[in-house]
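The values are calculated or read from the model by the stated rules, or taken from the named source; none is laboratory data. Small disclaimer: the values here were computed from a predicted structure and weren't measured. No Cβ is skipped: glycine too gets one built from the backbone with ideal geometry, and neighbour counts run over all protein chains shown.
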Amino acid sequence: MASGEPNLKDCPYICPSERGKQIEPEYGAAGGGSHENPYERPYVPGQVQPPVPKVYPPGAPPTYLPQPTDSTSGDFLGMSSVGPWAAGHLDWTPQAGITGVRPVVDKYSITRYSTGEWRKNNEYILTPRATDKAIAMEKRFKKEIADTFDQINGAQNNSNNNLKKRVKDLSSWQKKVEAAEHAISEEINILDEYRARLKGACRILMLPEAISKECLELRTSRYEPDLVRDDAEQELVNEVAIVGEIRRVFTETLAKVEEQMLKNKAAKSAIEFDWSDKMQTLKADKKNLSMTPKSSLILAHPGVARWPENSTTLEYWEHFCSESIRNCDDVRHESENLRGDLMTAITKGAQDLKTQANRTNMALADSILATQQCCDHLERNLKENLQKTADVENLIDYLKDSLRKADESCKLSETRLHARNYERPNVENCKDEAQYALMAEHKLIKEKAEALRGQVREAEGVRSELMKYRGDLEKEIACKRKSLSINEDRCARARAHMPTPEDFAAL
C-alpha cells in the first residue's frame, strides 16, 4: 500500500474503528444525513468521525419499517475516487427498478434500492394481507360450511324421513302383494287337487260306461223271442247316453280348469315378479336408509342425479300396485267360481248317473220278474203238456186196441158172411133174418172201425201238436232261462260294481 493513501480497513462505512474521527451526520433529512458527501473532497487525514447513534422520534416504528423521516425521493449517496465504490453519483427514485436505470456497480456489490424502499418492501412483506384474508375467509368459510352442512343434514334428514315413509309404504304394499301371492298359490294347489279329482271322476266314469255297454252286449245274446227293445234296453241306452253327456261336461270343465290353471300361474308369476321387485326395492331403500356419510360402502357415481328412462310417476306406481293385486284377486275369484262349477258338475253328474242306474236296475228287475213269471207259466204248461201227451198216448193205445177188437169183430162177421154166402147150397142161400143181421153187423162194425181209425188219426194229430207245443215250450223256457241268466246273473253281477256318488265325492 502506498504511503499517504488511506487504509480501506479503517473506512468507517466498511469497518468502523476508533482510529480517526467519525463524521456525525444529522438525522433529519431523508437518508439520515446531509447531501454533502465528505468523500467528494480530497482526503484530509483525521476527517473520519466516530459513529453517532441515530435518534428516532418517540413512537416511531421499528427501524425495519418505514419511518416518518423517510424521503420519497430517494437517498443521496456520495461517491468519490476514494473508497471501494466507483466514482459517480445517482439520485434514487421510486423508478429505480425501471429497465434502463443502471445503478453504479463495482466488483463487490450492486445497489438498486434505497433504504426507504427497503423499509417499504419490509412493510409490504410483513403486512399480513393474506393472513387476514385467510382468517376472514376461514371464518366465512366455516360459517358457510356450517350452514352448508346444516342444509345437507336437513336435506339428508328429509331424505331419510321420505325413505322411512317410502319403506313403510313399500312394506305395506309388499305385505299385500305377499298375501295375494299366498292366496293365489293356495288357490293353484286347491285347483290342482280339484283337477286331479275331476280326472279321477273321468276315469271312474269309464266303469259305468263299460258296465252299460257290457249289459247291452250281453243282452244281444238273448234268443230271438226275447230279443226285444224293452224298458231295460231303453234305460241301458239312456244310461250310455247320460254317461257320454257327463263325460262331455267333465271334458269341457277339465279344459276350462286347464285354461284357468294357466291364468292362475300367469297371475302368480306376475304377482311374484311384483313381489320380487318390491323386495329388491325395499332392500335397496333399507340399505340406503341405513347408510351414513361414514359408511364404508359409499362410492362416487357420477351422472346418477337424473331421472332414469324407465322411471314412472308415484300415481302410476300406486295404480300398478293396486291393479296387480286386483287382477290377481279377480283371477283367484274366477278360479274359485270354476271350482264350484267343477264340484257341481261332479256331484250332479254322480247323482244323475245314480238315478239313471236306479231306473235301469228297476227296469231290469221288472224285466226279470216278468221273464221269471213267464218262465214259471211255461214250465207249468210244459208239465201239463207232458201230462196231456201221456194221456193222449194212452188214449191212442186204447183206440188202437179198440180198433183191433173191432177188426176182429169185423173178421168174425165177414167169416160168417163168407160161410153163409158160399157154403149154403142153392135155395138155402136165402136172405133170411140172420143174413140181414150179419149184414147190419158187418156194416156197423165197418163204420165203427172207420170211426176208430179216424179217432186214432185225430189222437195222433193231437199228440203231434202236443209234441210240437212241447218243443215250443221247451224252446221258450230255454230262451227265458237264457234271458234270466243274462239279466239276473251276468248283468246284475256287472251292475253291482256301478260307482256311487260317494265314490265320486271320495276322490
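Data for the structure
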item: Tally, over the stretch 361-387, of residues that are buried (at least 16 other Cβ atoms within 10 Å of the Cβ) and of a type outside the set (Ser, Thr, Tyr); result: 12
item: Residue check for Arg203: under 27 Å from Cys491 (Cα atoms), out of contact with any strand residue (DSSP E or B) (no Cβ under 9 Å at 6 or more places or on another chain), of a type outside the set (A, V, I, L, M) and loosely packed, with under 15 Cβ neighbours inside 10 Å; result: yes
item: Matching residues, the stretch 229-257, being exposed (fewer than 13 other Cβ atoms within 10 Å of the Cβ) and of a type in the set (A, V, I, L, M); result: Ala241, Ala255
item: Considering residues of the stretch 107-140 that are aromatic (Phe, Trp, Tyr) and at pLDDT 80 or above only, the residue farthest from Pro66 (Cα to Cα); result: Tyr124
item: Some residue of the stretch 59-77 being modelled with pLDDT under 80, touching an Asp or Glu at 6+ places or on another chain (Cβ under 6 Å) and either within 20 Å of Tyr124 (Cα to Cα) or assigned by TED's automatic domain parsing to the domain that holds Gly116 (or both); result: yes
item: Output for the stretch 475-502, where each listed residue is surrounded by fewer than 15 Cβ atoms within 10 Å (Cβ to Cβ), in contact (Cβ under 8 Å) with a residue 24 or more places away in the chain and either acidic (Asp, Glu) or outside any helix (DSSP H, G or I) (or both); result: His497, Thr500
item: Filtered residue count, the stretch 325-346, keeping only those that are farther than 17 Å from Ala270 by Cα and not acidic (Asp, Glu); result: 9
item: Filter result (touching a helix residue (DSSP H, G or I) at 6+ places or on another chain (Cβ under 6 Å) and of a type in the set (Gly, Ala, Ser)) within the stretch 194-250; result: Ala201, Ser212, Ala232
item: Candidate set: the stretch 476-502, residues that are among the hydrophobic types (A, V, I, L, M, F, W, C) and over 59 Å from the mean Cα position of the chain (by Cα); chosen: the one farthest from Leu207 (Cα to Cα); result: Ile477
item: Residue within the stretch 233-247 that is touching a Ser or Thr at 6+ places or on another chain (Cβ under 6 Å), closer than 30 Å to Glu488 by Cβ and either outside any helix (DSSP H, G or I) or among the hydroxyl-bearing types (Ser, Thr, Tyr) (or both) present; result: no
item: Residue count for the stretch 477-507, restricted to those that are over 14 Å from Gly349 (Cα atoms) and among the β-branched types (Val, Ile, Thr); result: 2
item: Among (1) within 26 Å of the chain's Cα centre (by Cα); (2) surrounded by 12 or more Cβ atoms within 10 Å (Cβ to Cβ) - the single one Leu314 does not satisfy; result: (2)
item: Exclusive hit being touching a helix residue (DSSP H, G or I) at 6+ places or on another chain (Cβ under 7 Å) and among the small types (Gly, Ala, Ser), set Ser311, Ser276, Ser335, Ser295; result: Ser335
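A quick yes/no check of all residues on (1) in a helix (DSSP H, G or I); (2) free of Cβ contacts under 8 Å to residues at least 40 places away in the same chain; (3) charged (D, E, K, R):
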site: Val257; (1), (2), (3): yes, no, no
site: Gln260; (1), (2), (3): yes, no, no
site: Lys265; (1), (2), (3): yes, no, yes
site: Leu297; (1), (2), (3): no, yes, no
site: Pro302; (1), (2), (3): no, yes, no
site: Val331; (1), (2), (3): yes, no, no
